[in-house]
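The values are calculated or read from the model by the stated rules, or taken from the named source; none is laboratory data. Worth saying up front: this structure is predicted, and the values here are computed from it rather than measured. Cβ coordinates were reconstructed from backbone atoms using ideal geometry, including for glycine residues, and neighbour counts include every protein chain displayed.
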């Protein structure tokens, strides 16, 4: 037993790699759990011979955390000083100093901990029936639920410091059955009270913070314990009980709880009374610990307030003024800069300063104060009120003797609230007239709807064609450079593209970021969906607004380059929007933006504002997101953002993070009044959009429910709708156990007081189906809401069968939509029917938020249509083989609409006909049906697809470059007149379609979009960039001759324009005429010149690169052949591609007379432009890129033609 009159010390070193700090981090800083000091104190007393089972630690104060970094370890000193020999008690103070890693030098002491040691006179008693409590459990979860809370609050536990076991929730409390991990168990004998048990236990009370989720997203760390007792050892297994009645939150910054530890037999073996934990409001309060005391530490965040208003008695010094001066001296600021109503933390004080102020107040007031006083009364005004009411006599010591304290702490009269400024007149709603998108396991929106209403989970493991996820996957997520996620929502065929449609060469397509290609096709589709031909809006003020976040295609190019295959693909975000504007010749704003997960809804907001400012008359808005490189998963794993089980459990139990997803979506917008006047199909109406930022929140990625509430309240106010008519919220809902409660909390605050009792609203998240599409997430949510409005159904949100325990849904008007159901039509407060309405949220990880209020469009009732007349149903495509998939799409659409279970709007025959006639870009391959009804059209399509069309009502043809042109007006609406129009149209005539609708054009209706001619385009594999001599000739790389033959070998990469810009039937093919120049150049190099003629040339097989992308090697061989020189072009395997003879010597005979171009031109009156020529060639399967387009114009005659050529490229 230690001598109570003898002071003693002990010390230890906490190294940066000590598992106590290595596996316990707060805001990324390695910090020793404060409760470790409890074990240190008891072990030191036991080493002095004291029976620790009779010891009680009281008034335990945690002052400054012990932190280590790569640059310094920490030397910890404990000093035990006798207080009262008779009472047998000691005061314990723990101090530490930084110790440079690997050295013994240390400077600068910091007080970290203090407590009192008393001898208890009563043994530690108490029992519980462990087995009974476990049987009574209403819910059983893994102890990882507590660590999920911790991760969400920026407290990370790794293997050693992570306890194992289960949690048993019963009425009024929770029982934790805990045991150690294998690494922690190896050190069981090193501790009396294993730190893993102590630290794990302190997390359990926070499971009761579920009613205040915004607080649970910030770390709480111990500041004070009233009393602690322990038996001889905690052992290998421990049961920890926390009664909910023992927990309590004080002033949002202090959380109290009691913890009891029991053996497996139910005997109490440790007791912790009134554990007070403080909230860390700012990450800076932790990150400053990275600096040693001798260094300049970053200042705590400060806020300069307006000068305080004078007290009612302006000439009198009040208690409030005295406290202001005291705190100002501690902060070293002017007293007038401190706000009496502002939290101490917000004004720049940290925990150490607050504890110092408590000690100073104890001296000034001459009384004992509780250490957590300033956490319980966390503003100057609250503190003044407390001191005046509970310690008036002591508080009087702070005042000048001549000054009465009657006015002390009295708050000034509050000014009446200022009425908000009147709003401008309601902004005009915006109509959504076009909608398109591709999502995981859904190539179009019909398939997307099928998946949504079926409750389909579209998450899979990472496809092997992306990357080998096994190489990167580590379920623990602890190894650097690995990821704990191997799941996602993926699109298929992201390498597929139709460059010909967009006037792009194959090489341009290969080097273009797939996100750019994908959005370009989606832009085409959304314009088609809106009833506009590909170039119908050419030259108009159309804005393009695109949300995009990742650009990883360039990383793939960098990897290829590092492997010796230099290639430089494009991954410019700006080009995604600019490419659309360029191709369609749009003249409005064109921008790509990145606000992380809120990108596409922010783009929607900017587009609506642009329309209202008349910067554009249409706005094409969208988002795109692809996952091309594993570095993204590594990054997300390092930031603990990924779900550990590959499921996005929005509002469901067990959510540990999100699952990334891919997709692209777009909408076309215009003001509602103009959309109605133009007869547009309206998918839905945007009543309001609002964006904001969370400002300096509790952490960079930490959401704030108050900011969310402000955002949604503003949207509701701007929309002008009655909040009670909102029937659905498509939530951000990423599926984290604490992020989702924040969102529900914000929604509750936004709608609070705006709706009548009994109002309920469904919530859901499409992320549960397809994952989090990040920059495109807003478009996915928007598409889901619009489809629900179209079908008047609410689809199930997945993985929420058991709801998140941190959300008390019973206390809110919100309910998770967990099954397919009807969306009931709402009524106004006055009882009038109103459109269905929904809210849509996107919250960016960096604090940029967006919310949209959407509304169902209720079209004015139209008169019943007269009996349908026969109509022309027209389809056109770039090539004839694309007509078949186009017809298949149209038939699927018609069959779907005719099905009994169909719930969406139906298109009439005239709507189908007019929409196809006016929206389709007329292309070369054309197909027409003369249909008297929708049922007849379905029959005609089936016959056509079966190969047996009826020539009486089906016309097909391909327009040649010299086909009929000119506009043809309808001369009647009967079948014979329609047959004439059909025949003329397939020959190339331009039909005046509006003439077929004398009664007025029917309203447009969305129809299946154009079937792109997809082929794979991916990064070209280039030849290694080795140092080698320059080529002998542009077409002859090196001399590979032997004693028996003359041979020149050339390597062509796939990026070589002769290959990349010359395709036959979609495949890169070396132009056959290349061998002619190769043969002539080889003859000159071999000394066989002069050559005057090439004869007997035959092409045996095309020169085509291998499918694996390897460089193409060909050789030109020469051999003596009498007076001639024979040549052969052969492949690397000896395949003969071409052969012929070169005639040597001077040319004989007279040269043929050259005709004068003007005379030729006169005999060739028909002129074709360069574009028309190459379009005709493309229709025949011959595609030429920019490098192989020398043709300027072609004059065509009866049996001859005259071409004007110019070498491609820049010219002086």
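Residue 604 falls short on exactly one of the conditions (1) crowded, with 24+ Cβ neighbours inside 10 Å; (2) farther than 16 Å from residue 621 by Cβ, and that condition is (2). Screening residue 302 with (1) at pLDDT below 90; (2) more than 21 Å from residue 32 (Cα to Cα); (3) part of a strand (DSSP E or B) gives one miss only, at (3).
The residue list 521, 528, 559, 516 contains one member that is farther than 30 Å from residue 609 by Cα and out of contact with any strand residue (DSSP E or B) (no Cβ under 6 Å at 6 or more places or on another chain), which is 559.
Of the residues making up the stretch 715-728, none is within 29 Å of residue 660 (Cβ to Cβ), buried (at least 24 other Cβ atoms within 10 Å of the Cβ) and touching a helix residue (DSSP H, G or I) at 6+ places or on another chain (Cβ under 8 Å). Looking at the stretch 526-613, the helices (runs of 4 or more DSSP H) lying wholly inside it that each contain 3 or more residues that are more than 25 Å from residue 846 (Cβ to Cβ) and in contact (Cβ under 8 Å) with a residue 12 or more places away in the chain sit at 553-562, 573-584. Residues that are buried (at least 16 other Cβ atoms within 10 Å of the Cβ), assigned by TED's automatic domain parsing to the domain that holds residue 1067 and more than 22 Å from residue 1062 (Cβ to Cβ): does the stretch 1100-1110 have at least one? No, that holds for no residue. For the stretch 814-833, a tally of residues being crowded, with 17+ Cβ neighbours inside 10 Å and either at pLDDT below 95 or over 30 Å from residue 640 (Cα atoms) (or both) returns 2. The single condition among (1) over 13 Å from residue 666 (Cβ atoms); (2) crowded, with 24+ Cβ neighbours inside 10 Å; (3) within 27 Å of the chain's Cα centre (by Cα) that residue 509 does not meet is (2). For residue 758, the conditions (1) under 22 Å from the mean Cα position of the chain (by Cα); (2) assigned to a loop (DSSP other than H, G, I, E, B) are fulfilled apart from (1). Being free of Cβ contacts under 8 Å to residues at least 24 places away in the same chain and buried (at least 16 other Cβ atoms within 10 Å of the Cβ) is a property that does not hold for residue 76. Considering the stretch 25-52, and only residues there that are at pLDDT below 90 and in contact with a helix residue (DSSP H, G or I) (Cβ under 8 Å, 6 or more places away or on another chain), the residue that is farthest from residue 699 (Cα to Cα) turns out to be 28. Taking the stretch 123-209 and the helices (runs of 4 or more DSSP H) fully enclosed by it, the elements with 1 or more residues that are within 23 Å of residue 478 (Cβ to Cβ) are at 144-152, 182-185, 195-203.
Only one of the numbered conditions (1) crowded, with 19+ Cβ neighbours inside 10 Å; (2) more than 18 Å from the chain's Cα centre (by Cα); (3) more than 30 Å from residue 711 (Cα to Cα) is violated by residue 619, and that is (3). Between 712, 682, the distinction of being at pLDDT 95 or above and not in a helix (DSSP H, G or I) belongs to 682 only.
Would you pick out the residues in the stretch 431-466 that are in a strand (DSSP E or B) and surrounded by 19 or more Cβ atoms within 10 Å (Cβ to Cβ)? Passing the criteria: 431, 432, 433, 434, 435, 436, 437, 438, 439, 442. The number of residues in the stretch 716-736 being within 18 Å of the chain's Cα centre (by Cα) and either more than 15 Å from residue 840 (Cα to Cα) or in a loop (DSSP other than H, G, I, E, B) (or both) comes to 6. The residues listed here are 385, 444, 457; of these, the one that is in contact with a strand residue (DSSP E or B) (Cβ under 8 Å, 6 or more places away or on another chain) and modelled with pLDDT of 70 or more is 444. The residues of the stretch 1111-1135 that are more than 53 Å from the chain's Cα centre (by Cα) and either surrounded by 14 or more Cβ atoms within 10 Å (Cβ to Cβ) or within 26 Å of residue 1061 (Cα to Cα) (or both), listed by number, are 1116, 1117, 1118, 1124, 1125, 1126, 1127, 1128. Of all residues in the stretch 88-111, those that are loosely packed, with under 13 Cβ neighbours inside 10 Å have Cβ atoms under 7 Å from Cβ atoms of residues that are modelled with pLDDT under 85, 6 or more apart or on another chain, in 107/294; 108/292; 108/293; 108/294.
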